[in-house]
Every structure is written in structure tokens, then in C-alpha cells.
Amino acid sequence: MTNNKKTKVVMQNTISLDGSFINFETSQEVMGLHYQIVGSFGKVLYLFGSNTAKVAIEMFGGLTPETKDDFMRPQKSEDLSYWVVVDSEAVLKGKLHFYRRSEYCRDIIVLVSESTDKSYLDYLKEREYDFLVAGKKQVDLKKSFDVLSDRYKTSTVLVDSGRGLTNAMLNQGLVNEISLLVLPVIVGGKSENLFSNIAKQVKLTELKERTFPGGYIHLHYKIDK
């Protein structure tokens, strides 16, 4: 088993019946079900990639200017989860306050590498964002999980991101479980399969299956090591 023993890593996503993770309508009903499933895992470290985060900002109204409150670590309920973003290339410089302000986010933790531009680290320090340097050019995810598990006393990392980050983690053997909300829609010619960059076959054992009104299905699997 290549993943560390302390931390369980769950990959969560919403896909069409033909496996696409984009190019379908994301209604309030779909988003509500997605985050209902996310919430069912309890207090987690909620991990996502910087490119996914950047696209989401554009989808959900864009940025407003920073205020003085954005430069201070927020005081929020300890029951909320920390949100962790992988951002060695400083994609979210000037944008992180969008997520810090979320009522569902305790605060943002940023994963960077030794090659990350120093000006980004200065930006993070000035605004009191926690960050972790792990890896030379790219973020060393396994090392990051070891440190995060100890530092934040949370045994589960939930990865809710696009194909790049999730496929890389699957290829590295870092994922323990896969959780999918399957929508009753076929995208067809514009589909982009969530698992198209997986290097080799991944065998699964079903943990749970649940249906919701409207034809939505939640599938939860354990990865066979």
C-alpha cells in the first residue's frame, strides 16, 4: 500500500452516465446533492486543484476586491473543514479570498513546492494563510498528507477536483475510496471522461449504493490494493 496508514483519501466527483465530468447542467439540485454527499464524510481536509478553483470562481460570480478582513485568519467554528488547494504555480494569487470568505470553509491551506515563486509565498504570509512546502517542482502529495494529518488532526482527505489532480493521485496509489454522484444524462460527443488518464486498471469493491429522486445515484467504492 503506497498511501500512508494515518490518512484515508476519498475521491469525490459528479459525473454523467457516460463518465463525463463537464458539459452537463449543474443545477441547484445537483449541487445540493453533491455537497450533501461531501458532508456525509464529516470533518475532512477538503482538497482541490488550483485550476478547478479558478474555473469555479469564474462560474460563481467572479472576484470582488480584497478588504482588510481578508488579510487576517478568520475565526470560525472548529466544526468546519479546512480547504486545501494544490497551487505550486501561484494560479490563485490574488484570488484566495474568494474561498476564505465561504461560510463552509474554516480557512484555506495552500500546498506549494520548492519552485513556487517567492512573491506568492509573501502574498500568503501577508494574509496569514497556512501553507506547506513539499516537493521540488511539483507538490509531493504523499508527504503533504502525512504532515497535514499530524498538523490538523484530521484522518480523512476528500479530493473534489478535476481530471488532472484526481488522475495523478490515482496513478500514484494515493486514493483509498471513490465516491461518485451519477446524473441521469448522457453528454455524448462533448463528454470528457473523468478517468481517461488512468495508467492501469483499478479494481474496486462496492461499499454503498444509494438512489435519490430524479434518477440520481450515489456510488461509493473501496479501491482494492
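The values are calculated or read from the model by the stated rules, or taken from the named source; none is laboratory data. On a predicted model such as this, the values are computed, not experimentally measured, just so you know. Cβ sites come from the backbone with ideal geometry, for glycine too, and all protein chains shown count toward neighbours.
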Query raised in the report: If you check Glu25 against the conditions, is it in the same structural domain as Val9 (by TED's automatic domain parsing), part of a loop (DSSP other than H, G, I, E, B) and surrounded by fewer than 16 Cβ atoms within 10 Å (Cβ to Cβ)?
Result: yes
Report summary line: If we keep only residues of segment 55-76 that are surrounded by 10 or more Cβ atoms within 10 Å (Cβ to Cβ), aliphatic (A, V, I, L, M) and in a helix (DSSP H, G or I), then the residue modelled with the highest pLDDT is Ile57
Query - From Ser50, Ser81, residue being among the polar types (S, T, N, Q), surrounded by 13 or more Cβ atoms within 10 Å (Cβ to Cβ), assigned by TED's automatic domain parsing to the domain that holds Val139 and touching a Lys or Arg at 6+ places or on another chain (Cβ under 6 Å) - result: Ser81
Query raised in the report: Restricting attention to segment 112-171, and to residues there that are within 14 Å of the chain's Cα centre (by Cα) and assigned to a loop (DSSP other than H, G, I, E, B), which single residue is modelled with the lowest pLDDT?
Result: Gly162
Report task. Would you mind stating whether Leu148 is outside the structural domain of Gln36 (by TED's automatic domain parsing) and either under 26 Å from Phe195 (Cα atoms) or in contact with a strand residue (DSSP E or B) (Cβ under 7 Å, 6 or more places away or on another chain) (or both)? Result -> yes
